[in-house]
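To keep things clear, I will list the structure first and then write my remarks on it.
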Amino acid sequence: MSFAHFLRIERDEQNGSRHYVVHVCDPRFTLELTPDGAAPDQIGQGVIKRICLPNSCAGDYHKYIKLLDAAQEFFAQSFAEPASKTETRRFNT
């Protein structure tokens, strides 16, 4: 699966770090996740703490479950090895 439409943001705070996965295309949404301590790698697919969807999505959550699953899979894979320099520099001109 292509994860080109997802972005992971990690914020360091006094009580630890907070992790967000943002879907940058329509429908735009944000998940706040915490690493799953019960998973073998201590990260897993993350435990969802909060979902932020636009008001226009209210009542249609069943349509977005595949995107939520993809966001959790992206979260797990985002802790893997870093991308190569050629991939990270693809937006430079």
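The values are calculated or read from the model by the stated rules, or taken from the named source; none is laboratory data. Just so it is clear, the model here is predicted, and its values are computed rather than measured. Cβ: placed from backbone, ideal geometry, glycine included. Neighbour counts: every protein chain shown. For the accessible areas, the whole protein counts, side chains as well, though only heavy atoms, and no ligand, DNA or RNA atoms are used. Shrake-Rupley method; radii C 1.70, N 1.55, O 1.52, S 1.80 Å.
Identify, please: which residue in the range 1-37 is out of contact with any strand residue (DSSP E or B) (no Cβ under 9 Å at 6 or more places or on another chain) and without any contact (Cβ under 8 Å) to a residue 12 or more places away in the chain and is, among those, most open to solvent (accessible area, probe 1.4 Å)?
Of everything passing the filter in the range 1-37, 14 is most open to solvent (accessible area, probe 1.4 Å).
Within the range 31-46, restricting attention to residues that are under 14 Å from residue 17 (Cα atoms) and among the aliphatic types (A, V, I, L, M), which residue is modelled with the highest pLDDT?
33
Please determine, by comparing only the residues of the range 1-44 that are basic (Lys, Arg) and out of contact with any Lys or Arg (no Cβ under 6 Å at 6 or more places or on another chain), which one is nearest to residue 77 (Cα to Cα).
8
Has the range 4-18 got at least one residue that is under 20 Å from residue 55 (Cβ atoms) and not aliphatic (A, V, I, L, M)?
Scanning the range 4-18 turns up no residue that is under 20 Å from residue 55 (Cβ atoms) and not aliphatic (A, V, I, L, M).
Show the residue pairs that are 6+ apart or on different chains and have beta-carbon atoms under 8 Å apart, the first residue being within the range 65-93 and closer than 16 Å to residue 10 by Cα, the second being modelled with pLDDT under 60 and open to solvent by less than 100 Å² (accessible area, probe 1.4 Å).
82/88
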